[in-house]
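First the structure, in the form of structure tokens, and then the observations on it.
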Amino acid sequence: MSSVAGIRLALCSLRYGPQTGVPFAFFCRKSHSIADPMSTNSEKLSSSRGMSNVADQKQTKRFTVDLSELEKELAIVKSFKKIKRYVTDPGLVNNILYGLDPWDHRTTPIIMECNPGPGVLTRALLDAGCNVVALEGTAKFLPVLKKLEQDACGSLSVLHCDFFRLDPDTENAVEPPSMFSNDLMERIGINEVPWDTGIPIKIFGILKKEKERYLLWRYIYDIYERLSIFRFGRIELNFFMTEELYKNLAAKPGEHRRYRALAVLCNVAFDIQLLHKEHISTFYSSKNVKSPSIDNSEESLRDNLCLVRLTPRKDLFSEQFPPQDGKMFVNMVKQCLTKRKSEILTNLDSWSPGDGEQLLQLLDLPANARTGDISPEDYKLLFELLTNSEDFSQSFVFETCENIPCFAF
């Protein structure tokens, strides 16, 4: 359709409904917001507007930990030169179980645990009746995990693999702990399923602070193009990340310091839940950490890890938004959010000359709307309208974004 006529048709359809014999694409406005993180350590979230929290769930049993049997494995942790964190605290174990809710028998997804180390949480998941795949990147932990696998009667599979090193950028054969996602899924018996089916796998892991943004950007590109693990369906991510990163994901339009491309793209692609918050001192670590902070300063945000659930949205893809357009959408959002106080009309007129104001009117947005004030849902709707315009300059989006590094966002 021509750009101006197409916009008028879409606006007419939204206001009056479809006309007989006239094809059209219907766009609806949806509202998704995120609550602020918890204010106290080791505390469960209460329900808040706009965010689905883990609350009022049944927990049928609690797991107890006997670390005396794991002295050798814990000594391995202390020998590491770089900081690595593992789950060994009984209270933390039970809080993670509460968040993952392995007693929900409506669905039976596999739980994939990333770098379980001594295997304390692994034992708890098995005790809760889960089918677990343990991906361990450190060879020294494999003997105890393999012994646990032998005793698990088929409920546990242990692989020498680092989940965060999946799909290296090479066409050559790779050696453990690197692995290609196709090989991983084949070894654990997971086939590709339609996007609108259930959750086949729940992944649990702890993101390293120095790599968490890089990894999250990697998963953004993967999900929008349905690559890597997302080829196999709506894989749910459950990650401990810094509270600072979580607050960035939780930022709302208008919060220009934190509201950036990563927040917009994550909120379009995922339902986001904050499950739990824990001080870093609770984790068993290769190095000592300082005692809990008593203030609420920006520095204290680095002392807490937030367990965040990222569930791919069932309605992410459609005829108007296929995976083939995913990378283009990511690049468009990145370009818009480079200057969060600039007017988005400039971008729209560059991509579809002369149509910017009508596009904004279609979504009830003011002509002077700033890029940092546009909701994630409206960014997706704008993109869907733009791609239906014959005047949309797709090459412009790619050319202007191809040299912009992810860490700038």
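In table form, for the structure just shown:
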read-out	value
Failed item in (1) at pLDDT 95 or above; (2) of a type outside the set (Asp, Glu); (3) more than 30 Å from residue 74 (Cβ to Cβ), with residue 275 passing the rest	(3)
Those residues of segment 344-358 which are touching a Ser or Thr at 6+ places or on another chain (Cβ under 6 Å) and either among the polar types (S, T, N, Q) or closer than 12 Å to residue 391 by Cβ (or both), in sequence order	351, 352, 355
Residue within segment 136-146 that is of a type in the set (Lys, Arg), touching a residue at least 40 places away in the same chain (Cβ under 8 Å) and surrounded by fewer than 19 Cβ atoms within 10 Å (Cβ to Cβ) present	yes
Single condition residue 372 does not satisfy, out of (1) over 21 Å from residue 259 (Cβ atoms); (2) at pLDDT 95 or above; (3) in a helix (DSSP H, G or I)	(1)
Which numbered condition residue 103 misses (of (1) over 21 Å from residue 274 (Cβ atoms); (2) of a type in the set (A, V, I, L, M, F, W, C); (3) modelled with pLDDT under 95)	(1)
Members of segment 319-346 that are among the small types (Gly, Ala, Ser) and either part of a helix (DSSP H, G or I) or touching a residue at least 40 places away in the same chain (Cβ under 8 Å) (or both)	326
Of residues in segment 284-308 being modelled with pLDDT of 65 or more and touching an Asp or Glu at 6+ places or on another chain (Cβ under 7 Å), the one nearest to residue 101 (Cα to Cα)	306
Odd one out for residue 62, checked against (1) outside the structural domain of residue 189 (by TED's automatic domain parsing); (2) on the phi > 0 side of the Ramachandran plot	(2)
Some residue of segment 187-198 being surrounded by 21 or more Cβ atoms within 10 Å (Cβ to Cβ) and not acidic (Asp, Glu)	no
Criterion violated by residue 330 - all others in (1) of a type in the set (Val, Ile, Thr); (2) modelled with pLDDT of 95 or more; (3) surrounded by fewer than 19 Cβ atoms within 10 Å (Cβ to Cβ) satisfied	(3)
In segment 208-244, the residues that are part of a loop (DSSP other than H, G, I, E, B), among the basic types (Lys, Arg) and at negative phi	208, 209, 211, 234
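Conditions (1) without any contact (Cβ under 8 Å) to a residue 12 or more places away in the chain; (2) crowded, with 20+ Cβ neighbours inside 10 Å; (3) small (Gly, Ala, Ser), marked per residue:
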{"site": "211", "(1), (2), (3)": "no, no, no"}
{"site": "221", "(1), (2), (3)": "no, no, no"}
{"site": "224", "(1), (2), (3)": "no, yes, no"}
{"site": "229", "(1), (2), (3)": "no, yes, no"}
{"site": "237", "(1), (2), (3)": "no, yes, no"}
{"site": "244", "(1), (2), (3)": "no, no, no"}
{"site": "250", "(1), (2), (3)": "no, yes, yes"}
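The values are calculated or read from the model by the stated rules, or taken from the named source; none is laboratory data. These numbers were taken from a predicted model, which means no experiment stands behind them. Glycine gets a Cβ as well: all are built from the backbone with ideal geometry, and neighbour counts include every protein chain shown.
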